[in-house]
Structure formats: structure tokens, C-alpha cells
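Heads up: the structure comes next, in C-alpha cells.
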Amino acid sequence: MFHDPASLLKPRQYYLDSARFVIPNRIGHIKPTEIVDSPKKHAYPFIRGGIELTKDSIRFELYFNDYDHKEIVRWFFSGNYVLRRH
């Protein structure tokens, strides 16, 4: 039973809360063309930036071309992350 029947007419909203990438196994700068998101979730390929991979951390600085809004957008998971060993 729906308490808000008008919500059935609106497009569904989805929020990405995690991501999985296949990246080359090497330390240093990784170009955006070398990065593959797995499984494919993004409508746009990364066109600028890249990934900086060190022994203890990873830095995402990725941008994609948002054709709907006609602008280049920074990917919202961009930032610095510390790598943990298990």
C-alpha cells in the first residue's frame, strides 16, 4: 500500500554508496583511460584526472563529462583514502 500515490509517477532515485574499480597493479599515477569500474555503474567514462597509488594510500581525482547538464563534473568519491592491510 502506497501512502503517497504521486510518488509512483516520479522517477526512482538511486544513491551510490560504494564503488569497485579494476586498476593496474602498480604504484604511481594511473590515467583515467586505464580505470574500469566493475560492475559498470556509471553512464559516463572518466575523462580527466586519475588515481595516485602509493604503498599506504590512494588518491582519486576523477572527472567525467555530464552530457545532460553540459558540464565536466568531479566524481563524488574523489579524495584521499588510507589503505588497510588485512
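Read the figures in this text as sums done on the coordinates, not as results from a lab. Keep in mind that what you see is a predicted model, and the values were worked out from it rather than measured.
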Prolate/oblate/rounded label for region 16-82 (Cα gyration tensor, a/c 1.5): prolate
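If you stretched the chain out fully between residue 36 and residue 76, how much longer would it get, using 0.36 nm times the residue separation minus the C-alpha to C-alpha distance?
Answer, rounded to one decimal: 12.8 nm.
Which length gain, in nm to one decimal place, applies between residue 66 and residue 19 when the Cα-Cα distance is subtracted from 0.36 nm times their residue separation?
Details: separation 47, 0.36 × 47 = 16.92 nm, distance 1.87 nm.
Net length gain for the segment: 15.1 nm.
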Placed amide H near residue 48: partners under 5 Å, 5+ positions off or other chain: 63
